[in-house]
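Below: one structure, written as structure tokens.
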Amino acid sequence: MCLYNLQMGLTFQVDRTDAGGGRRGRLMLPHGVVETPVFMPVGTAASVKAVEQGVLEAMGSDGRGAEIILANTYHLYLRPGHELIARTGGVHRFMSWERPMLTDSGGFQVFSLSSLRKVTPDGAEFRSHLDGSKHFFSPEHSMDVQIALGADVMMVFDECVEHPATYERTRDSMALTHAWAQRSKDHFELHKERVPWFQQRDGATQSLFGIVQGGMYADLRRESAERLVEMDLPGYAIGGLAVGEPREVTREMIALTLEWLPKDKPRYVMGVGYPDEIEEYARMGVDMMDCVLPTRAGRHGLLFMREEVGGPVVRMNIKRKEYAEDARPIDESCGCMVCRRYSRAYLRHLFVSGEALGLTLNSVHNLAFYLDTMQRVRRDLAG
């Protein structure tokens, strides 16, 4: 079965949906095709930490690499600046990455600066975490920055409410997010042809996704989803999760929200999670996910693996002395470039010696583990 959503620059096709709701499909974007469900490595400052782009393109057991990565609007706005990146031809050319990309709106980063920000109906005023300088993000400014960056997919400007939050606080924040989403869409429609690669891509433009908020309240989640669906955007994200709530609550909010989102448009859960979580959510019907965890864990010496094929995910602490003479790979069932070549003993040596290569190899393995998890899920969903 095929379902399509054609918007300038985006086509989404669902080839098969299984009994549990999981979907096998593909997302066609100006810079390439993305097989879904997909995990997107996070390249915060136009760099997936410690991993070079050529390695990103070839990692994983099948050598297909990451088909889409995420960059951070807030960080690139502050340094080196979106206008500089636009002058180089956009973020793809700036970082030498010709595959699809997604940028967030900057809303979550502003939310995380709780002591340095002030939110009004017009937007959010905040101080840079770099030098304390004062800045202001409105929905219109977020769109201008993201258009200048030129990722294939961009997000409406939203407010992410803290957890826990009262019903009234969550409702008011959600209403602000809806108003900002409409302003984001209106501004994007007026200025979308300013994307740096508009001419080179035969007039294709970026695609603007909405973000469902509503905290941990089911009725607000439904209201948010229905309001955003009325805006007829080409895709929808589920935001405001993985902010401290129990995992079962995260799962409940995702399951409920999926019921209220269109089946013919891509569905994206932002900022989650562990490998078993992304597998679970993909099998529920989520098409896109991102998380900093693979590289962050790798830089702290934590490696994801399975002790037996099909077994539970285990976090290995490579710093432990028991691995000092262990000649085995991280995961004997893993076909990534790290497990094919290096032993646990060597990886432990690199880490405890403070060698930068250790951080890179740990990150490469963890990212490959996530990508291979999604490859296996896609294979299962294909039937």
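The values are calculated or read from the model by the stated rules, or taken from the named source; none is laboratory data. No experiment lies behind these values; they were computed from the predicted model shown. With ideal geometry, Cβ positions are generated from the backbone for all residues, glycine too; neighbour counts draw on all protein chains shown.
When Gly273, Gly239 are checked against the criterion of being modelled with pLDDT of 95 or more and in contact with a Cys (Cβ under 7 Å, 6 or more places away or on another chain), a single residue qualifies: Gly239. Annotation: Arg16 fulfils all but one of (1) over 30 Å from Leu359 (Cα atoms); (2) assigned to a helix (DSSP H, G or I); (3) of a type outside the set (A, V, I, L, M, F, W, C); the unmet one is (2). Restricting Gly60, Gly65 to those that are at pLDDT below 95 and in contact with a Leu (Cβ under 6 Å, 6 or more places away or on another chain) reduces the list to Gly60.
Matching residues to (1) within 30 Å of Tyr268 (Cα to Cα); (2) not in a loop (DSSP other than H, G, I, E, B):
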residue: Tyr281; (1), (2): yes, yes
residue: Asp326; (1), (2): no, no
residue: Arg341; (1), (2): no, no
residue: Tyr346; (1), (2): no, yes
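Taking the criterion of being in contact with a helix residue (DSSP H, G or I) (Cβ under 8 Å, 6 or more places away or on another chain), hydrophobic (A, V, I, L, M, F, W, C), in a helix (DSSP H, G or I) and at pLDDT 95 or above, the residues of the stretch 69-120 that qualify are Leu76, Ile85, Ala86, Val91, Phe94, Met95. Does Glu277 satisfy the criteria of being assigned to a helix (DSSP H, G or I) and free of Cβ contacts under 8 Å to residues at least 60 places away in the same chain? It is true that Glu277 is assigned to a helix (DSSP H, G or I) and free of Cβ contacts under 8 Å to residues at least 60 places away in the same chain. All conditions but one from (1) more than 30 Å from Pro234 (Cα to Cα); (2) of a type in the set (Val, Ile, Thr); (3) in contact (Cβ under 8 Å) with a residue 12 or more places away in the chain; (4) out of contact with any helix residue (DSSP H, G or I) (no Cβ under 9 Å at 6 or more places or on another chain) apply to Val314; the one that does not is (3). The residues on offer are Gly301, Gly335, Gly383, and the sole one that is surrounded by fewer than 17 Cβ atoms within 10 Å (Cβ to Cβ), touching a strand residue (DSSP E or B) at 6+ places or on another chain (Cβ under 9 Å) and touching a residue at least 40 places away in the same chain (Cβ under 8 Å) is Gly383.
Every residue in the stretch 165-200 that is of a type in the set (A, V, I, L, M) and touching a residue at least 40 places away in the same chain (Cβ under 8 Å), please. Selection gives Ala165, Met174, Leu176, Ala179, Ala181, Val195.
Filtering Val55, Val38, Val14 for residues that are buried (at least 24 other Cβ atoms within 10 Å of the Cβ) and either of a type in the set (A, V, I, L, M) or over 14 Å from Trp97 (Cα atoms) (or both) leaves a single hit, Val38. Checked against (1) hydroxyl-bearing (Ser, Thr, Tyr); (2) buried (at least 21 other Cβ atoms within 10 Å of the Cβ); (3) part of a loop (DSSP other than H, G, I, E, B); (4) modelled with pLDDT of 95 or more, Ser47 passes all but condition (2). Looking at this structure, is Asp104 under 24 Å from Glu189 (Cβ atoms) and touching a strand residue (DSSP E or B) at 6+ places or on another chain (Cβ under 6 Å)? Spelling it out, Asp104 is indeed under 24 Å from Glu189 (Cβ atoms) and touching a strand residue (DSSP E or B) at 6+ places or on another chain (Cβ under 6 Å). The set of residues from the stretch 94-109 being touching a residue at least 40 places away in the same chain (Cβ under 8 Å) and within 21 Å of Leu208 (Cα to Cα) comprises Trp97, Glu98, Arg99, Pro100, Met101, Leu102, Thr103, Asp104, Ser105, Gly106, Gly107, Phe108. Of the listed requirements (1) in contact with a Phe, Trp or Tyr (Cβ under 7 Å, 6 or more places away or on another chain); (2) part of a loop (DSSP other than H, G, I, E, B), Gly358 misses just one: (2). Looking at this structure, is Val212 under 14 Å from Pro139 (Cα atoms), within 19 Å of the chain's Cα centre (by Cα) and β-branched (Val, Ile, Thr)? It is false that Val212 is under 14 Å from Pro139 (Cα atoms), within 19 Å of the chain's Cα centre (by Cα) and β-branched (Val, Ile, Thr). Every residue in the stretch 121-155 that is assigned to a strand (DSSP E or B) and over 19 Å from Leu29 (Cα atoms), please. Within the stretch 121-155, Gly123, Ala124, Glu125, Phe126, Arg127, Lys134, His135, Phe136, Phe137 meet the criteria.
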